[in-house]
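Below is one structure, written out as structure tokens; comments come after it.
The values are calculated or read from the model by the stated rules, or taken from the named source; none is laboratory data. Not measured: the values here are computed from a predicted model. Cβ: placed from backbone, ideal geometry, glycine included. Neighbour counts: every protein chain shown.
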Ligand code: ZN
């Protein structure tokens, strides 16, 4: 079986990143024991990376360089915002943990798009959040291997994403 549309592909990889100043540095390791599952052809992956994996089989390796323009884009200062603390009140007593510096808070904009905001600091002005991807402004080097490929389940095709090793795990 090869990696192509509507297949669930599991990959392991090491991701190195380059901010253009300090050279390549390690960012993330995804092991063969706990690979990353994605549904091919459903915009679950950077297009350049997905394209590089097309037609590969389990056991094949890959090495893909993606500059930031084709990755997660440039760092955008306008994506740093300050939101009043009162907006987080409904979270109740979890509030203090939620607003810890470095925490990533899943949110939605007024169009229903999913966003992730990292807490930079909390002060009298409110909660300072950074909605840039942590990979914004970085060139990416993926070195990895195809761990497995299987048919997608109908529910996965319906959702447009993979549900882990056997298709039944569901984590969003
Ligand atoms: Zn789902």
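Only residues in the range 158-172 that are farther than 16 Å from residue 41 by Cβ count as the first member; pair them with residues that are modelled with pLDDT under 90 and surrounded by 14 or more Cβ atoms within 10 Å (Cβ to Cβ), Cβ under 8 angstrom, at least 6 apart or cross-chain, and list the lot.
Short answer, once both residue conditions are applied: 170/164; 171/164.
Any residue that is part of a strand (DSSP E or B) and farther than 16 Å from residue 143 by Cβ - is there at least one of those in the range 26-33? Give the derivation first.
Step one: of the range 26-33, the residues part of a strand (DSSP E or B) are 26-30.
Still in the running and farther than 16 Å from residue 143 by Cβ: none.
The answer is no, given that none of the residues of the range 26-33 is part of a strand (DSSP E or B) and farther than 16 Å from residue 143 by Cβ.
Hey, among 89, 79, which residue is modelled with pLDDT under 95 and surrounded by fewer than 11 Cβ atoms within 10 Å (Cβ to Cβ)?
Step by step, each of 89, 79 is checked, and only 89 is modelled with pLDDT under 95 and surrounded by fewer than 11 Cβ atoms within 10 Å (Cβ to Cβ).
Please identify the pairs in which a residue from the range 39-50 that is without any contact (Cβ under 8 Å) to a residue 40 or more places away in the chain has its Cβ atom under 6 Å from the Cβ atom of a residue that is buried (at least 17 other Cβ atoms within 10 Å of the Cβ) and not in a loop (DSSP other than H, G, I, E, B), counting only partners at least 6 apart or on another chain.
Partner pairs satisfying both residue conditions: 40/7; 40/9; 45/38; 48/66.
Just a yes or no: is a residue in the range 96-113 in contact with a strand residue (DSSP E or B) (Cβ under 8 Å, 6 or more places away or on another chain) and modelled with pLDDT under 80?
Yes, because at least one residue in the range 96-113 is in contact with a strand residue (DSSP E or B) (Cβ under 8 Å, 6 or more places away or on another chain) and modelled with pLDDT under 80.
Consider residue 63 carefully, then state whether it is surrounded by fewer than 17 Cβ atoms within 10 Å (Cβ to Cβ) and in contact with a strand residue (DSSP E or B) (Cβ under 9 Å, 6 or more places away or on another chain).
Details: surrounded by fewer than 17 Cβ atoms within 10 Å (Cβ to Cβ): yes; in contact with a strand residue (DSSP E or B) (Cβ under 9 Å, 6 or more places away or on another chain): yes.
Criteria met by residue 63.
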